[in-house]
Amino acid sequence: MNPKPPLPVPGLSRRSFLIGAGALGAGFALAGCAAPGGSASGVTEISFYVSKPEVIGYFDTLIAKFHKSQARVRVVRDSTSNMSADFVRNSPPDLGCWNYNFSVVEFVERGALSDLGDMPEAATINPDIKPLLKETADYPGRTSAIPYSLTAASVLYNKDLFTKYGVAVPTTYDDLVAACETFQKAGIAPFFNTYKDTWTIAQGLFDYTIGGMVDVPDFFKRLRAEGTKVDAASSVSFQKDFRSAMDRMVQLGSYANKNAASRGYGDGNLAFAKGEAAMYLQGPWALNEIAKTNAKMNVGTFPLPVTNDPKDLKVRVNVDLALWIPEASKKKEAARSFLSFLMQPEIQNTYNADNNAFGTTKNAPPTTNPALVGMQKYYDDAAFYLGASQIIPSEIPVANYAQSIALGSKPEPVLRQLDGDWSRLALRS
Amino acid sequence: MTLLDRNENDMAVVTSARTGAKKRTSHRRVDKTFYAFLLPGLVLFTLAITLPAVMGIFYSFTNSVGFGEFSFTGFINYIALFSDPSIRSAYGFTIGFALVTVAVVNAVAFLLAIGLTARIRAKVAMRAVFVLPMVVSGIVIAYAFNFLFSNSIPAAANALGFGPLESSLLANPNWAWVAIVIVTAWQAIPSTILIYIAGILAIPSDVYEAAALDGASAGRQLRSITVPLTAGYILINVIIGFKNFLNSYDIIVGLTNGGPGTSTTSIAMSIFQGFTNGDYAYQMANATIFFLIAIVIALLQLRTTRGRASL
């Protein structure tokens, strides 16, 4: 319960030392009990890691279905392990089903994930989606993961409030500001922001304003080429390229609920569901939470306009789940058979439809979810981008920096700090 | 062990005084059983503390992420560390926070201990109440206070029309640390009180009687008797407290998670982020520096407490 760093921390108290010693002893004892493998009866047991809390139960039913369809592979679901620690111990899960963002970068780039390029499933993937994986993390010559589910995030808006005040869905920044003014005059918070949870700012205002203005993949490509010296004088930098997006973030932040600084994600879902604000910068994962409060709520989605050219409209996507098999797995064949099972169109498409997500294959059907249809066009046109906060390596606390700006820091020193962090990271890695 | 050693030595001195000839041999010969007692602890300490520490120092000279391929990078991590403003600010915050908290905790605990050792009603029950926070886990305390700071206090301030507290203290980059000091102190004061109560009760009552006969006021008794005679306890509380507050982690995670921005990120938090963020080698370098600082403090502690009224 006490998340003390498991480190050689000096000044360790006698009590924590004893607890540690006890845990170590228990660990040895347990290791002695564990049976090696379980292949004696011709059944291979694989561990399957899925930690997305909303869908653990869903995958349990899929596992049960898989067990019914064949008898050679048994799947044991794991959703609590610490992934880094598992890799350090050289005992990662046989099949991972995980968010494909900065958290997998190290596993991919150090070659810890096996090549799945020869699987037929790899050939079915929508070519528009492949670059998203490559931008996040890549090991040359390998298909390290197969994308399973894509979530698209944009502005969630209260359709009834928009109708009531005669506001059309804005497609330009000026329209958006005008809409905010209208709501503010009516005494309704245009946006409900939740600055207490840093990730909500990073994936919301921060990523949306940048994605709507900056060519994100191109920016990071040029930034990586810059090497270990990124500052005001270099041809590309956070200070230069993110500056106008951050100014818009500050301006839009001024239209947020007054108590945004002390509100968290749960507060936001509740308030938006109660109709306390017209717009809410959250992804589809919030829809189920909102429905818990107000099941009949009329919610729509539109991409946040950050420029005055409707052609710039884009939605933020992330590869919410991707499947991968570690090099260290000793049961790759069995893991592959479960991967193929999960990738069957009727299973994968049902999963995505049930969980407010978009598919990843060439033949994925369009969404029928009324809250998501507003984004289908952008998905089809590949008018999407990965959030900048997901590409910036996790060593840099970018969500905290975004929170500083949201809470009133001037953007310049924060962006300068980002440049400095980026340079130092490039130097040491 | 020190107690045993001392007895051994005392005995040796006594025996040598009696029988001068046996002098050296007798106190050198230690029963092997003592080493057997030491062994399990030594093995566990080596496996769980020393070995990981040495490995951590080794990795601080690489670009490892904890697993997979890595290469040696020499002192690059240390060079990047010293030029990193977020690391510098973590040290600045942690040390400043530890100093303030030590002062607050000891001042409050000392006064409470005086109150709790005075002739008051329901003394035992009062002591129990004051010691209660000690048994609650830090993360639980932090989440409870998080709710108070984010919701209850702003609501109360709003109702009373008190401007400065209408927005959450935790969301203010300049003052969030105050909230952390308050909550940390709330948790740390009980154990400090216990040590002070022990110290104050150890002062013989005849000293106070003599002082009272000489006409010393209560204030004078506090200044000239209580404080000097508990000096050893004050020193121990200050050093132990300072060392604990330097390692602050759970309360900060539960209250601000290092924010707003990075204004309340402690050293322990930044080191731990090395595990979750793939910054393993870099934060190992940070941990190595932190380790050296802790050694200096430990040596200081050993020097200052030796010979004094040590517990």
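The rows are residues; the columns are (1) of a type outside the set (Val, Ile, Thr); (2) in contact with a Ser or Thr (Cβ under 9 Å, 6 or more places away or on another chain).
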residue	(1), (2)
B:260	yes, yes
B:267	no, yes
B:285	yes, yes
B:291	yes, no
B:297	no, no
Do you know which residues across the stretch A:99-120 are open to solvent by 30 Å² or more (accessible area, probe 1.4 Å) and more than 14 Å from chain B (Cβ to nearest Cβ)? A:115, A:117, A:118, A:120
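When the residues of the stretch A:122-144 are filtered to those that are in contact with a helix residue (DSSP H, G or I) (Cβ under 6 Å, 6 or more places away or on another chain) and closer than 21 Å to residue A:338 by Cα, which remaining residue is most open to solvent (accessible area, probe 1.4 Å)? Show your work before the answer.
First pass over the stretch A:122-144, keeping only residues in contact with a helix residue (DSSP H, G or I) (Cβ under 6 Å, 6 or more places away or on another chain): A:135, A:137, A:139, A:143-144.
Remaining after also requiring closer than 21 Å to residue A:338 by Cα: A:143-144.
On the way: A:143: 49, A:144: 8 Å².
Among those that are in contact with a helix residue (DSSP H, G or I) (Cβ under 6 Å, 6 or more places away or on another chain) and closer than 21 Å to residue A:338 by Cα, it is A:143.
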Would you confirm whether or not the stretch A:237-244 contains a residue that is open to solvent by 10 Å² or more (accessible area, probe 1.4 Å), within 14 Å of chain B (Cβ to nearest Cβ) and part of a helix (DSSP H, G or I)? no
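Could you tell me whether any residue of the stretch B:48-55 is surrounded by fewer than 17 Cβ atoms within 10 Å (Cβ to Cβ) and either of a type in the set (Phe, Trp, Tyr) or in the same structural domain as residue B:279 (by TED's automatic domain parsing) (or both)? Steps first, answer last, please.
Applying the first criterion (surrounded by fewer than 17 Cβ atoms within 10 Å (Cβ to Cβ)) to the stretch B:48-55 yields B:50-52, B:54-55.
When the remaining residues are screened for being either of a type in the set (Phe, Trp, Tyr) or in the same structural domain as residue B:279 (by TED's automatic domain parsing) (or both), the result is none.
Checked against the condition, which is being surrounded by fewer than 17 Cβ atoms within 10 Å (Cβ to Cβ) and either of a type in the set (Phe, Trp, Tyr) or in the same structural domain as residue B:279 (by TED's automatic domain parsing) (or both), the stretch B:48-55 yields no hits at all.
How about the stretch B:56-75: which of its residues are part of a helix (DSSP H, G or I) and either assigned by TED's automatic domain parsing to the domain that holds residue B:282 or open to solvent by less than 30 Å² (accessible area, probe 1.4 Å) (or both)? Before the answer, list the steps.
Keep residues of the stretch B:56-75 that are part of a helix (DSSP H, G or I), which gives B:56-59.
Across the stretch B:56-75, the qualifying residue is only B:56.
I want to confirm something. Restricting to the stretch A:177-214 and keeping residues that are more than 19 Å from the chain's Cα centre (by Cα) and under 28 Å from residue A:392 (Cα atoms), which single residue is most open to solvent (accessible area, probe 1.4 Å)? Please lay out each step first, then the result.
The first filter runs over the stretch A:177-214 and keeps only residues more than 19 Å from the chain's Cα centre (by Cα), leaving A:177-192, A:213-214.
Narrowing the set further to residues that are under 28 Å from residue A:392 (Cα atoms) leaves A:191-192, A:213-214.
Numbers: A:191: 4, A:192: 12, A:213: 68, A:214: 22 Å².
Result: A:213.
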Taking the residues in the stretch B:254-268 that are under 16 Å from the mean Cα position of the chain (by Cα) and part of a helix (DSSP H, G or I) as candidates, determine which candidate is nearest to the other protein chains (Cβ to nearest Cβ). B:268
Output the residue which, of all residues in the stretch B:158-180 that are out of contact with any Pro (no Cβ under 8 Å at 6 or more places or on another chain) and outside any helix (DSSP H, G or I), is nearest to the other protein chains (Cβ to nearest Cβ). B:174
Condition broken by residue A:404, with the remaining ones in (1) open to solvent by less than 30 Å² (accessible area, probe 1.4 Å); (2) without any contact (Cβ under 8 Å) to a residue 12 or more places away in the chain; (3) part of a loop (DSSP other than H, G, I, E, B); (4) polar (S, T, N, Q) satisfied: (3)
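Is it the case, given these coordinates, that residue B:158 is assigned by TED's automatic domain parsing to the domain that holds residue B:107, open to solvent by 60 Å² or more (accessible area, probe 1.4 Å) and free of Cβ contacts under 8 Å to residues at least 24 places away in the same chain? Can you show your working first?
Numbers: assigned by TED's automatic domain parsing to the domain that holds residue B:107: yes; open to solvent by 60 Å² or more (accessible area, probe 1.4 Å): yes; free of Cβ contacts under 8 Å to residues at least 24 places away in the same chain: yes.
Yes; evaluated as a whole, the condition is true for this residue.
Give me the helices (runs of 4 or more DSSP H) completely within the stretch B:181-247, filtered to those with at least 2 residues that are closer than 18 Å to residue B:301 by Cα, ordered by residue number. So that I can check it myself, show each step before the final result.
Values: elements: B:205-213, B:218-221, B:231-246.
Those helices (runs of 4 or more DSSP H) span B:231-246.
Residues checked against (1) in contact with a helix residue (DSSP H, G or I) (Cβ under 9 Å, 6 or more places away or on another chain); (2) farther than 26 Å from residue A:260 by Cβ; (3) open to solvent by less than 10 Å² (accessible area, probe 1.4 Å); (4) modelled with pLDDT under 90:
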position	(1), (2), (3), (4)
B:239	yes, yes, no, yes
B:245	yes, yes, no, no
B:260	yes, no, yes, yes
B:267	yes, yes, yes, no
B:274	yes, yes, yes, yes
B:290	yes, yes, no, no
B:306	no, yes, no, yes
Going through (1) under 25 Å from residue A:97 (Cβ atoms); (2) buried (at least 22 other Cβ atoms within 10 Å of the Cβ) one by one, residue A:397 fails only at (1)
Scanning the stretch A:145-168 residue by residue, those surrounded by 15 or more Cβ atoms within 10 Å (Cβ to Cβ) and among the polar types (S, T, N, Q) turn out to be A:149, A:151, A:154, A:158
Looking at the stretch B:105-153 only, could you name the residues that are touching a residue at least 60 places away in the same chain (Cβ under 8 Å), farther than 28 Å from residue B:236 by Cα and either assigned to a loop (DSSP other than H, G, I, E, B) or open to solvent by 50 Å² or more (accessible area, probe 1.4 Å) (or both)? B:143
Among (1) out of contact with any Pro (no Cβ under 8 Å at 6 or more places or on another chain); (2) farther than 21 Å from residue B:112 by Cβ; (3) modelled with pLDDT of 90 or more; (4) within 11 Å of chain A (Cβ to nearest Cβ), residue B:251 falls short only on (2)
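The values are calculated or read from the model by the stated rules, or taken from the named source; none is laboratory data. Note that this is a predicted model, so its numbers are computed, not measured. Cβ coordinates were reconstructed from backbone atoms using ideal geometry, including for glycine residues, and neighbour counts include every protein chain displayed. Protein only, heavy atoms only, side chains kept; ligands, DNA and RNA dropped before computing areas. Shrake-Rupley method; radii C 1.70, N 1.55, O 1.52, S 1.80 Å.
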